[in-house]
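The values are calculated or read from the model by the stated rules, or taken from the named source; none is laboratory data. Since we're looking at a predicted model, the values are computed, not measured. Don't worry about glycine lacking a Cβ; one is built from the backbone with ideal geometry, like all the others, and counts go over all protein chains shown.
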Amino acid sequence: MNHFERRRGELHCEDVPLARIAEEVGSPTYVYSTATLVRHARVFQDALTGLDALACYAVKASGNLALLSLLRKQGMGFDIVSGGELFRALRAGADAKTIVFSGVGKQRHELAAALEAGILQFNCESEEELLQLSQVAVALKKKAPVALRVNPQVDAKTHPYIATALATSKFGVPAQRIRDAYGLAASLPGLEVVGLACHIGSQIGEVKPFVQAAGKMRALFETLCRDGHDLRHLDLGGGLGVPYGDGKTPAAPDVYGRALARELAGLDARILLEPGRLVVANAGLLLTRVLLKKRSAGKRTFVVVDAGMNDLMRPALYQAHHELEPVARPRTRIERVDVVGPVCESADVLAKARRIPHLLSGELVAIRTAGAYGMSMASNYNARPRPAEVLVSGKTYKVVRERETLEDLVRGERL
Ligand code: LLP
């Protein structure tokens, strides 16, 4: 559910007409709904009743300070994967004791910054990372709270670019080596072993892979405790999918939560989860304007809009489907078109052979479900300033990130 609805035919975000935002802020612009964000944070947390759980929002999905601050106020912690995300989370007022640090390649200065901040847990992904983290901690006279990310080798049945738990994946420590890796962690002077972690992939629609992973992780958690490790946190990562309007309906959060609670009943551990997409995807859309229309020799109709693959990379990178619709009352005449951006790449297609209501040049289009991995993956390719970001709350909105300027494009460069 989200708070982008039509009123008198015109698409609104909560009580604000999207056309007003486009007029005042320009386009392309990412628009987020406070009510949807709050609702999603609640729905996810409510789904975990029955578990001693902390939901750590995956900052990579969308890291705007205003969004992070809002989610913090909803009681969420944060999952970060870089020193930059640590900086963002702390700047948004996060309590360091709610932050977990994931990622296959952390730099020493990033480890040091997280140690100085006093984060909840480092999710280490290799034996060598354990050695490096211990060295950094010893130098700072600190103990790093660590979990190892294990690859539970379940098939998450998702796009190959976002499946992470296969045997060939770069992520995590293989299950066969995990007990030895824990032995190593326990022997290192700068580390305190506190948990066990996994993350099996993203945009996963079924509950089954999560249940399989939870079962394997529980068994491993118990084995490691019997080995003498004092594990307190079991981190099951993120990955629950959202509906993109392509006909697939992913499992609802409460079904997911109940299944996890069943699988983990009686386990003496705090459960950490790292939802990203689920929280923000449907809480955001990308507002764009039609620049012009053209026909190819092959009789295709192109609708060229002012947002491109640099602004929303998902369709080009993953062949991802995003629903798109006119902001004004949709015309009854339906047209089959390719909606493309201005970027000089054939891959710059936002929707291919899509049947949508007839659009004219100058009209506004909303690209739905763009809140997650939209702005956070945007780039300056083709020297295009990145979009503005707007957060709506009821009848009002705030520009929570200004549109980049031409000067921003060359900041730090020298002749
Ligand atoms: N935890 C870890 C360790 C992760 O790597 C990720 C996502 C998450 C949590 C959050 O997963 P979520 O709940 O959002 O599925 N750019 C791609 C998605 C990449 C996901 C990367 N890792 C996309 O646009 O589909």
Legend entry - Residue among THR223, THR249 that is more than 16 Å from the ligand (Cβ to nearest atom), under 28 Å from ALA283 (Cα atoms) and surrounded by fewer than 20 Cβ atoms within 10 Å (Cβ to Cβ): THR249
Inset, instruction - Within the range 215-254, work out how many residues are closer than 16 Å to LEU54 by Cα and among the acidic types (Asp, Glu). - result: 2
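Whether any residue in the range 144-165 is over 29 Å from GLU206 (Cα atoms), hydrophobic (A, V, I, L, M, F, W, C) and away from the ligand (no atom under 16 Å from the Cβ) is what I want to check.
As a first pass, look at the range 144-165 and keep what is over 29 Å from GLU206 (Cα atoms): 144-146.
After this cut, where a residue has to be hydrophobic (A, V, I, L, M, F, W, C) as well, the list is 144, 146.
With the extra rule that they be away from the ligand (no atom under 16 Å from the Cβ), the set shrinks to 144.
Yes - at least one qualifying residue is present in the range 144-165.
For residues that are among the β-branched types (Val, Ile, Thr) and in a loop (DSSP other than H, G, I, E, B), scanning just the range 200-211, find the one that is modelled with the lowest pLDDT. Don't jump to the end; show me each part of the working.
Residues of the range 200-211 that are among the β-branched types (Val, Ile, Thr), as a first pass: 200, 204, 207, 211.
Those still in the list that are in a loop (DSSP other than H, G, I, E, B) too: 200, 207.
Values: ILE200: 93, VAL207: 96.
Here the residue is ILE200.
If we scan the range 46-57, do we find a residue that is away from the ligand (no atom under 13 Å from the Cβ), without any contact (Cβ under 8 Å) to a residue 24 or more places away in the chain, in contact with a Lys or Arg (Cβ under 9 Å, 6 or more places away or on another chain) and over 26 Å from ILE178 (Cα atoms)?
Applying the first criterion (away from the ligand (no atom under 13 Å from the Cβ)) to the range 46-57 yields 46-54.
After this cut, where a residue has to be without any contact (Cβ under 8 Å) to a residue 24 or more places away in the chain as well, the list is none.
No - not one qualifying residue is present in the range 46-57.
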Legend entry - Among (1) more than 16 Å from the ligand (Cβ to nearest atom); (2) among the acidic types (Asp, Glu); (3) in contact (Cβ under 8 Å) with a residue 24 or more places away in the chain - the single one ASP95 does not satisfy: (3)
Legend entry - Residue selected from the range 39-57 under the condition more than 20 Å from ASN2 (Cα to Cα) and touching a Pro at 6+ places or on another chain (Cβ under 9 Å), by the criterion modelled with the lowest pLDDT: LEU48
Inset, instruction - Within the range 353-375, identify whether any single residue is of a type outside the set (A, V, I, L, M), assigned to a loop (DSSP other than H, G, I, E, B) and without any contact (Cβ under 8 Å) to a residue 24 or more places away in the chain, and answer yes or no. - result: no
Legend entry - Odd one out for ILE21 among (1) part of a helix (DSSP H, G or I); (2) of a type in the set (A, V, I, L, M, F, W, C); (3) not assigned by TED's automatic domain parsing to the domain that holds PRO357: (3)
Legend entry - In the range 322-339, the residues that are within 22 Å of GLY371 (Cβ to Cβ) and part of a strand (DSSP E or B): LEU324, GLU325, PRO326, VAL339
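Can you tell me which residue within the range 156-168, out of those that are closer than 19 Å to ARG277 by Cβ and touching a strand residue (DSSP E or B) at 6+ places or on another chain (Cβ under 9 Å), is modelled with the highest pLDDT? Give the derivation first.
First pass over the range 156-168, keeping only residues closer than 19 Å to ARG277 by Cβ: 156-165.
When the remaining residues are screened for being touching a strand residue (DSSP E or B) at 6+ places or on another chain (Cβ under 9 Å), the result is 156-159, 162-165.
Values: ALA156: 75, LYS157: 69, THR158: 68, HIS159: 66, ILE162: 62, ALA163: 63, THR164: 65, ALA165: 61.
So the residue we want is ALA156.
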Inset, instruction - Determine, yes or no, whether VAL340 is buried (at least 19 other Cβ atoms within 10 Å of the Cβ) and either within 16 Å of the ligand (Cβ to nearest atom) or farther than 25 Å from ILE200 by Cβ (or both). - result: yes
Legend entry - Pairs with Cβ under 9 Å, 6+ apart, first in the range 223-239 and over 28 Å from ARG277 (Cβ atoms), second away from the ligand (no atom under 14 Å from the Cβ) and of a type in the set (Phe, Trp, Tyr): LEU224/TYR182; ASP227/TYR182; HIS229/TYR182
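Look through ALA214, ALA197 and report the one residue that is away from the ligand (no atom under 14 Å from the Cβ), at pLDDT 95 or above, closer than 17 Å to GLU274 by Cβ and crowded, with 20+ Cβ neighbours inside 10 Å. Spell out the reasoning first.
Working: ALA197 fails: away from the ligand (no atom under 14 Å from the Cβ).
ALA214 is the lone residue from the list that is away from the ligand (no atom under 14 Å from the Cβ), at pLDDT 95 or above, closer than 17 Å to GLU274 by Cβ and crowded, with 20+ Cβ neighbours inside 10 Å.
Quickly run through the range 372-388 and pick out the residues that are within 18 Å of TYR244 (Cβ to Cβ) and either in contact with a Leu (Cβ under 7 Å, 6 or more places away or on another chain) or away from the ligand (no atom under 13 Å from the Cβ) (or both). Before the answer, list the steps.
As a first pass, look at the range 372-388 and keep what is within 18 Å of TYR244 (Cβ to Cβ): 372-377.
Matches in the range 372-388: GLY374 only.
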Inset, instruction - Return the only residue of GLY215, GLY257, GLY228 being out of contact with any strand residue (DSSP E or B) (no Cβ under 6 Å at 6 or more places or on another chain), assigned by TED's automatic domain parsing to the domain that holds ALA112 and on the phi > 0 side of the Ramachandran plot. - result: GLY228
